[in-house]
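J.: A single structure is presented below for examination.
The values are calculated or read from the model by the stated rules, or taken from the named source; none is laboratory data. These figures come from a predicted structure and were not determined experimentally. Counting neighbours? That spans all protein chains shown, and the Cβs are built from the backbone with ideal geometry, glycine included. To get the accessible areas, we keep the full protein, side chains included, count just its heavy atoms, and leave off ligands, DNA and RNA. Shrake-Rupley method; radii C 1.70, N 1.55, O 1.52, S 1.80 Å.
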Amino acid sequence: MRKKLAAGNWKMNMTPEETGRFIEDLKPLVKDSNADVALMVPYVDIKTALDAAKDSNIEIGAQNMHFEESGAFTGEISPVMLKETGVKYVIIGHSERREYFAETDETVNKKVLKALEYDLIPIMCCGETLTQREQGITIDHIRKQIKIGLLNVSSDDIEKVVIAYEPIWAIGTGVTATSEQAQEVCAAIRDTLRELYGEKADNIRILYGGSVKGENASELFGMPDIDGGLVGGASLKLSFADIVNYDK
Ligand code: PEP
């Protein structure tokens, strides 16, 4: 049985001070949730976030990492550094990283492998552009992203991986995929995982992301292959709790 996960992606928002205050306020609102709750925060907020979330059910993650352990990569953060902070998750290959920072399926794969080596849970993102959807190549594109992104991920490790399906046309636009559109692609992702990992595919969490809000979370999360959400804009407000508590 897969437990739902409501994961916030703060992107480049929230100072350390704002982080501490927000998490203190969020804690009582989500303390009885049936879903796992996580916040992916900017690097500089990690310590404050972990301190504020201590003894609560809120887990903390990062939004990216390099695939090398150390070296001449100015401005980058390594898996060794992340592991030592105590974060649990790391987003890998968000479409904004792919679009603005030239990440490819190949670099995503290197990062996923490194995250697993350091016992960090990778939330590996995939998703199609509007043009790809209109051309009818969504599923082919997603299958390729999944197959390359997970290359050499062992059958022992695969159940630790979280996949986030995020149609690019739905991210930050206010346009949400219909629950049927989201389910169709998440089911195709699970089929691809089944081809690669057999029955283990049924234990891998697949999130939907793209303008998830309190009003649409319960319908989306109620679909058979959607195991929660990766939530951008709506995770910056305390009403994120409505998404976490989608089933109440
Ligand atoms: C995201 O950043 O992963 C995302 C889905 O953003 P939003 O919820 O704002 O569309």
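J.: Just one of (1) crowded, with 18+ Cβ neighbours inside 10 Å; (2) free of Cβ contacts under 8 Å to residues at least 60 places away in the same chain trips up PRO224, so point out which.
T.: The single condition PRO224 does not satisfy is (1).
J.: Another question, then. I need the full set of residues from region 203-217 which are open to solvent by 30 Å² or more (accessible area, probe 1.4 Å), under 18 Å from the mean Cα position of the chain (by Cα) and without any contact (Cβ under 8 Å) to a residue 40 or more places away in the chain, in order please.
T.: LYS213, GLY214
J.: Which of the residues belonging to region 139-166 are under 17 Å from the mean Cα position of the chain (by Cα) and part of a helix (DSSP H, G or I)?
T.: Matches in region 139-166: ILE142, GLN145, ILE146, GLY149, ILE158, GLU159, LYS160.
J.: Name every residue in region 112-138 that is in a loop (DSSP other than H, G, I, E, B) and either surrounded by fewer than 19 Cβ atoms within 10 Å (Cβ to Cβ) or within 16 Å of the ligand (Cβ to nearest atom) (or both), in order of residue number.
T.: Once the filter is applied, which keeps residues that are in a loop (DSSP other than H, G, I, E, B) and either surrounded by fewer than 19 Cβ atoms within 10 Å (Cβ to Cβ) or within 16 Å of the ligand (Cβ to nearest atom) (or both), region 112-138 yields TYR118, ASP119, GLY127, GLU128, THR129, GLN135, GLY136, ILE137.
J.: Right, next: How many residues are touching a Lys or Arg at 6+ places or on another chain (Cβ under 8 Å) and either under 23 Å from ILE163 (Cα atoms) or not in a helix (DSSP H, G or I) (or both) if we restrict to region 5-30?
T.: Here the count works out to 1.
J.: Would you say ILE46 is among the hydrophobic types (A, V, I, L, M, F, W, C), away from the ligand (no atom under 16 Å from the Cβ) and out of contact with any Asp or Glu (no Cβ under 7 Å at 6 or more places or on another chain)?
T.: So ILE46 passes the test.
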